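One structure is given here, and the rest of the page talks about it.
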Amino acid sequence: MRTPFVAGNWKMYKTVHAAVAFAKEFRSVVKDITGVEIVVAPPFLAVHAVADALRNSNVAVAAQDVYWEKEGTFTGAVSAPMIKEAGAELVIIGHSERRRLFGETDQTVNRRLLAALAANLGPIVCVGETLEEREANRTLDVLDRQVKVGLDGLTAEQIADLVIAYEPVWAIGTGKVATAVQAEEAHAHIRSRLRQWFGANAADHCHVVYGGSVKPDNIAELMREPDVDGALVGGASVDVRGFSDIVIRSQVSKRS
Ligand code: 13P
């Protein structure tokens, strides 16, 4: 059984002060929750301070991106060992906003992923189709390409520990959540490819989480699907009450 995994991606919201204030309040609200992996992903500047504020709590910290070189003349870039030392345990890779606005490709996703794993950071790899791709019936082909190229070179053991976030681009920040049936179709497809390419153990252990307009009132329905293992939450994760409600409601019993 895969433990529910719920991560909040704060994107470019919250100063260091606001991020630490959230962390302090949030850790006390969720301190008794067990059986859910809880993660927050602040902007880079706040990673260190938030990790300090969440030390010895049940909430882990993720960065939102990573560069593949360890150090060097790469102005503006942040490496995996730097993120790790700052106190984060995970990193989001290949978010659609990085793909659309910052030139991320499946190949650069793969380079970042290998660098994150080498530094012992847990990757959360984002995939998902645009509206145009969905309307052209290309969703599953796009997912195949993103998963195949993005995860190239990983071992079955690394896949087993991975988190893949299925985030249909048309559902991000639009209030237009994928139906549970649409989410399950994509998640089951991804898992079937993992089974084909990396074996049953990898496919059964890998977390496939959903992202795109997740809110307290739709998380339970999504989580009831057998292949939905959690959520990557954007807008609804910047508010302590809303995000903790989502975490609590992610613990639903699964249809078998
Ligand atoms: P929203 O929850 O705001 O739609 O964002 C989803 C997302 O992009 C999480 O990474």
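The values are calculated or read from the model by the stated rules, or taken from the named source; none is laboratory data. Given the structure is predicted, the values throughout are model-derived calculations rather than measurements. All Cβ positions, glycine included, derive from the backbone under ideal geometry; neighbour counts span all protein chains shown. Accessible surface areas use protein heavy atoms only, side chains included; no ligands, DNA or RNA. Shrake-Rupley method; radii C 1.70, N 1.55, O 1.52, S 1.80 Å.
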Selection from 54, 68, 28, by position along the positive dipole direction of region 12-97 (Cβ): 28
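Relative contact order of region 66-163: what whole-number percent is it, with Cα pairs under 8 angstrom and at least 6 residues apart?
Numbers: 118 pairs, mean separation 27.9, N = 98.
Once divided by the residue count of region 66-163, the mean separation gives 29 percent.
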Counting just the Cα atoms, what span does region 171-256 cover along each of its three principal axes? Round to the nearest Å and put the largest first. 39, 25, 20
Partner lysines for residue 215 [C-alpha distance under 20 Å; skip if fewer than 8 residues away on the same chain]: 11, 14, 176, 254
Calculated from DSSP helices alone, with each H run of at least 4 adding -39500 (n - 2.57) and the total divided by the residues of the chain, [θ]222 nm to the nearest 500 comes to -12500 deg cm²/dmol
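Residues of region 1-85: accessible area per residue at 1.4 Å, in Å²? Kindly include the intermediate steps, with their values, before the conclusion.
Numbers: 4620 Å² over 85 residues.
Ligands and nucleic acids excluded, the result is 54 Å² per residue.
If you wrap a convex hull around the Cα atoms of the chain, how much volume per residue is inside, in Å³? Display every interim value, and only then the final one.
Numbers: hull volume 29.9 nm³, N = 256.
Dividing the Cα hull volume of the chain by its residue count gives 117 Å³.
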Charge dipole magnitude, Cβ of K and R +1, D and E -1 - region 1-149, Cα centre, debye nearest 20: 240 debye
When you take every Cα atom in region 37-139, what is the radius of gyration, and what is Dmax, the widest Cα pair distance, in Å? 14.7, 48
